[in-house]
2 protein chains.
Amino acid sequence: MAFDPETLRYNDAGLIPAIAQEAETGEVLMMAWMNADSIRMTLEEGRVVYWSRSRASFWRKGDTSGHVQDLVEMRVDCDRDCLLLLVRQAGAACHTGRRNCFYTAVREGDEVEILEPGEGLAPQT
Amino acid sequence: MAFDPETLRYNDAGLIPAIAQEAETGEVLMMAWMNADSIRMTLEEGRVVYWSRSRASFWRKGDTSGHVQDLVEMRVDCDRDCLLLLVRQAGAACHTGRRNCFYTAVREGDEVEILEPGEGLAPQT
């Protein structure tokens, strides 16, 4: 069956959450939002385009930072209201310079930072 | 710093998205929603409790299905508006009987099912 972004279930703002996962390692990198047009652009370009809620505009990941996400595969969940994007991430996924956005863990009731900016990233050339 | 669920950023309905990931394999299992109370219950019980939007009630994952999610670690993202739950999943995470909810892939413009109900699950004893 041909995939049609219009058949997904969006929230009242026309958005659907998208989880980005590094295809090779399984690392969950970030969660952001897409609309039907950004989904179409992502599939056409093979490069992830989100919808920025704060800027109310398309957010072609990496356009300013260079930290592009190449799409390996898009997956849809059972309720059709969440996407999983398997990607190849260039550099840091997080705007803080960390490889992923989930760098704070709750351990024994405390918040602990478990990933430093730049940690585990390939050296810049 | 002590973790306080009230410091997270919730949507207008008081909810925050939570991604469940199998701790050992990195498999992304599902995405669901939590409120501050369900986060507290999850941390206290060591077992994942979501908020069911359709039933408007707590959803202690596995209470009816037996498909419990034991919490290994809760993580918070940089914007404090998304959670990553590392879990040990008993049985299927998805209500369709599949190991995870993201069993539909978009390949060459088509939707393709890539995981069967029961596939890859340990036999029921």
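Working note: Cα gyration tensor of the stretch A:37-125, eigenvalues times five, square-rooted, sorted largest first, giving semi-axes of 25, 18, 13 Å.
Could you tell me the relative contact order of the stretch B:5-91? Use alpha-carbon pairs under 8 Å, at least six residues apart, and round to a whole percent. Please list the in-between numbers first.
Working: 174 pairs, mean separation 26.1, N = 87.
Here the relative contact order equals 30 percent.
Hey, with R₀ at 22 Å, roughly what FRET efficiency would B:Arg80 and B:Glu44 work out to, going by the Cβ-Cβ distance, to 0.05? Each step should come with its number before you reach the end.
Details: r = 20 Å, r/R0 = 0.93.
Efficiency at R0 = 22 Å is approximately 0.60.
If only the Cβ of Lys and Arg carry +1 and only the Cβ of Asp and Glu carry -1, the dipole of the protein assembly as shown around its Cα centre is close to 280 debye.
How high is the FRET efficiency from A:Asn11 to B:Phe58, r the C-beta distance, R0 25 Å, rounded to 0.05?
Values: r = 22 Å, r/R0 = 0.86.
That pair, A:Asn11 with B:Phe58, gives E of 0.70.
Of all chain B residues, the closest to the B-onto-A rotation axis by Cβ, with that distance in whole Å, is B:Gly26, 1.
In Å², and per residue, what accessible area does the stretch A:8-113 have when probed at 1.4 Å with the other protein chains present? Show your work: numbers first, answer last.
On the way: 4590 Å² over 106 residues.
Per-residue value: 43 Å².
Which of the GluC sites (Glu not before Pro) across the stretch A:22-79 are loop residues per DSSP, with 12 or fewer other Cβ within 10 Å? Sites meeting the loop and neighbour criteria: A:Glu24. In the protein assembly as shown the Cα-Cα distances spread across 5 Å bins starting at 0 as 1, 6, 13, 18, 20, 17, 14, 7, 2, 0, 0 percent of all pairs.
Solvent-accessible surface, computed for protein heavy atoms with a probe of 1.4 Å, shrinks by 50 Å² or more for the following residues of the stretch A:3-37 when the other protein chains are added to the isolated chain: A:Phe3, A:Ile19, A:Val28, A:Met31.
Both chains summed, the buried accessible area for A and B stands near 3100 Å², from protein heavy atoms and a 1.4 Å probe.
Determine the order of A:Val49, A:Val112 by accessible area, beginning with the largest, at a probe radius of 1.4 Å.
Numbers: A:Val49 0, A:Val112 50 Å².
Reading off the accessible areas and sorting them downward yields A:Val112, A:Val49.
Here A:Leu43 yields copy-to-copy label distances, from shortest upward, of 4.1 nm, the label point defined as 7 Å from Cα along Cα to C-beta. Accessible surface of the protein assembly as shown, 1.4 Å probe: 46 percent of it comes from carbon and sulfur atoms.
Under 18 Å from a label point set 7 Å out along the Cα-to-Cβ vector of A:Glu73, the amide N atoms of the stretch A:22-51 belong to A:22-29, A:43-44, A:46-48. Here the spin labels are modelled as points 7 Å beyond Cα on the Cα-Cβ line, and at A:Arg88 and A:Glu111 they lie 3.5 nm apart. Of interest is the spacing of the C-alpha centroids, which for the stretch B:75-125 and the stretch A:64-106 amounts to 16 Å.
The values are calculated or read from the model by the stated rules, or taken from the named source; none is laboratory data. What you see is a predicted model; the values in this text were computed from it and never measured. When we count neighbours, we look across all protein chains shown, and the Cβ atoms used for this are built from the backbone with ideal geometry, even at glycine. In case anyone asks, the SASA skips ligands and DNA or RNA and just uses the protein heavy atoms, side chains included. Shrake-Rupley method; radii C 1.70, N 1.55, O 1.52, S 1.80 Å.
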